[in-house]
1. Treat the count of other C-beta atoms within 10 Å as a stand-in for reagent exposure and order LYS43, LYS150 from fewest to most.
2. If you look for lysine pairs in the stretch 119-203 that are eight or more places apart or on different chains, how many of them have Cα atoms under 16 Å apart?
3. For ARG177 and LYS7, what is the calculated FRET efficiency with R₀ set at 30 Å and r taken between the beta-carbons, to the nearest 0.05?
4. Taking square-rooted eigenvalues a ≥ b ≥ c of the alpha carbon gyration tensor, is the stretch 119-203 rounded, prolate or oblate, where a/c under 1.5 means rounded and, failing that, a/b exceeding b/c means prolate?
5. At 0.36 nm per residue, and after removing the present C-alpha to C-alpha distance, how many nm does the segment from ILE118 to VAL146 gain when stretched out fully?
6. Can you give the FRET efficiency to the nearest 0.05 for ASN194 and ASN47, using r as the Cβ-Cβ distance and R₀ = 35 Å?
7. Sort HIS117, HIS31 so that the residue with the fewest other Cβ atoms within 10 Å of its own Cβ comes first and the one with the most comes last.
Amino acid sequence: MNCRDKKIIKLINRKIERKISPAEEKLLQEHLQACPECRAGLKFLENITESVSREKITAPVDLTDKVMEKVKGAGVKGLASEKVKGLPWLRPVPVMAFSIVLLFIISTVSLVRKPVHIVLVKFKVEIPDAREVSLVGDFNDWDEKVTRLKKKNGVWTTELRLKPERYQYMFLVDGQRWMPDPLSSEYIDDGYGNKNSIIDVRRI
């Protein structure tokens, strides 16, 4: 697998959007260890995303592909690095690569302020003999400690306020057993022989 592989670009995009699963994260990290170009591109995208998120603005959906293409074109070997004055949020990146990408963004990206629409989504699963159940997925960075469900009459429930996007998720039972949502209408392979549940909040 090389840095021009479309699968890698997709994984980087999912990481930036905080929708990457543990299996995908492992594949991406293995690639990043051997690819300085992708490491530089990912760092740049993370810093750009952090900055624009504070302003609640959005960029074109193909920004990741185009930025990575520009970074690869500039190359990273033998280039000096320095901090860019006036942009304290931007960490050191190759100067030539940064210049090309920044000019590209300024000339092609139209940033539009949009109101954030939030949907209240209820999750529930019936597991009478469970001691604890966690909801783990794209919406909480697959952190099992973030969203604990409450039990009543053998049914575990929780509610989340989510943006209208498509999310993968699973239930973690007693900290050991991964379980897809039996009420989900859609599933996808998780890379480990199991199935992740999918919820598309845009359809709710």
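1. LYS150, LYS43
2. Eligible lysine pairs with Cα atoms under 16 Å apart amount to 7.
3. 0.55
4. Note, shape of the stretch 119-203 comes out oblate.
5. Extending this stretch completely gives an extra 8.2 nm.
6. Between ASN194 and ASN47 the formula returns 0.55.
7. Lowest to highest Cβ neighbour count: HIS117, HIS31.
FYI, it's all coordinate maths here, none of it is from the lab. This structure is a prediction, so every number in the text was calculated from the model and none was measured. Positions of Cβ are generated from backbone atoms using ideal geometry, with glycine treated the same way; all protein chains shown enter the neighbour counts.
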